[in-house]
Amino acid sequence: MKTVLHIGLPETGTTVLQHFMHGNRVLLQKNGLIYPELTSVGDSPNAMAHHFLAHSLAQSADQIPQFQKFFAEQARGVGSTLFISAEPMARHAILSAPDLYNTWADKGRYISRIHKVFGADDTEIVIVLRQPQQLAESIYKELIRKSNASISFERFLATRFYGYNFPKLVTSWQNYFNKVTVRIFEDDRKHPEGTIGAILRPICPDMPRIPKQEILSSGLDPQYVAFKRMINTGRFSNGDIAKILDALSQLNDIHPRNDRSTFWTEQLLALFQRRAEVWSDAIGAGFFLGQNQLFPPFTMGDLNSFYGLTASEFAQILDQISETLPYRLVEKIVNHLATQLQ
């Protein structure tokens with residue numbers, strides 16, 4: 001049985017793909033594509049993607065024999081293709097020592113565990129790349145939204161995003177697997193069947209037509225990201241954070257910014273631009289017959305650089321979300337912000 005490991009990247013339509021795969025398991029299996037549930041090895045019921053597998057291998061090697069046995073049983077379907085989708089595989093790493101982060105060696109240790117589970121002979125790695133500047137901002141927004149990180153965008157680019165260096169990321173996987181396929185998100189969106197069809201049609205040529213699905217961004221606008229970033233510096237419970245995030249998300253849907261604000265500045269963009277061009281040239285040379293412009297050009301254009309919220313803007317957002325938050329939580333936020341803004 002052939003195995004396809006779709007490892008992301010994040011923010012490239014992965015959720016749309018995983019939702020389709022999860023909801024069409026029977027149809028896919030009839031067409032020779034197995035999208036397995038992992039409940040028998042410890043995953044939660046009805047999980048759309050295979051994040052449990054990705055996270056488990058990052059935490060420990062103990063479950064490798066169990067995963068090997070499980071996927072070997074799946075492989076009894078001769079002529080079928082096993083499809084695994086988990087974008088955390090693209091970002092996980094295994095530190096050699098606490099607080100000592102050596103990105104590419106650490107990623108290699110993680111990838112070696114995946115290799116032990118699936119082997120290299122009949123496994124294809126699918127990596128979907130996206131316009132680097134847009135990817136960086138999108139991942140930063142999600143980092144602030146989903147975690148307690150309070151890092152600035154500039155600091156994020158310098159200390160965190162280098163782990164998404166396209167050529168080095170691809171090479172890290174090529175070190176362990178014989179076949180690595182690189183796709184471009186912007187090109188896949190133009191496919192008649194959208195990003196889902198672009199990935200699945202080569203695997204299942206006879207499957208019924210796949211409806212093209214719109215990919216909507218769920219990210220918060222910069223003003224709400226800035227508010228959440230400030231909240232992340234406080235001591236709030238997980239329950240409180242969930243309530244605040246839900247209120248911000250609702251506000252984001254009702255009052256989105258219409259000034260095309262961005263965390264990029266002219267200076268940051270100029271520094272990052274060369275890095276993005278080098279990545280594009282390297283990937284183009286290795287996978288796209290020397291093409292050196294893989295991504296749509298990114299310029300500030302009519303974008304407005306976002307430099308942060310004023311005290312009055314903070315107060316306005318707090319006033320708006322306080323309508324849906326418990327009074328004691330609003331009071332806690334006020335006290336925290338008063339300390340931070342002194």
Please enumerate, by chain and number, the aspartates and glutamates with C-alpha under 13 Å from the C-alpha of Lys243, excluding those fewer than 8 residues away in the same chain. Glu323
Aspartates and glutamates within cross-link reach of Lys212: Cα-Cα under 19 Å, excluding same-chain residues under 8 positions apart? Glu11, Glu186, Asp187, Asp188, Glu193
Could you point to the label whose value was computed as semi-axes √(5λ) of the Cα gyration tensor in Å for the structure here, given (i) 55, 25, 21; (ii) 36, 24, 21; (iii) 40, 21, 18? (ii)
Positive-end residue of His55, Met89, Gln66, charge dipole of the range 1-97 with Cβ unit charges: Gln66
Which whole-number percent gives the relative contact order of the chain, counting Cα pairs below 8 Å spaced six or more residues apart? 18 percent
Could you state the number of Å between the C-alpha centres of the range 146-222 and the range 275-297? 15 Å
What is the antiparallel percent of DSSP beta bridges lying wholly in the chain, to the nearest 5? 5 percent
Quick check for the range 2-200: number of Lys pairs with alpha-carbon distance under 18 Å, counting only pairs 8 or more apart or on different chains? 10
Least to most buried among Arg209, Arg183 (fewest other Cβ within 10 Å first): Arg209, Arg183
Cut-off 10 angstrom, C-alpha nodes, Gaussian network model of the chain. Which of Arg145, Arg155, Arg229 fluctuates the most? Arg155
Take every DSSP beta bridge whose two residues both sit in the range 2-200, then give the antiparallel share in percent to the nearest 5. 5 percent
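Every number in this text was worked out from the coordinates using simple rules, so none of it is lab data. Predicted, not measured: the structure shown is a model, and the values here were computed from it. Here Cβ is always computed from backbone atoms with ideal geometry, including for glycine, and neighbour counts include all displayed protein chains.
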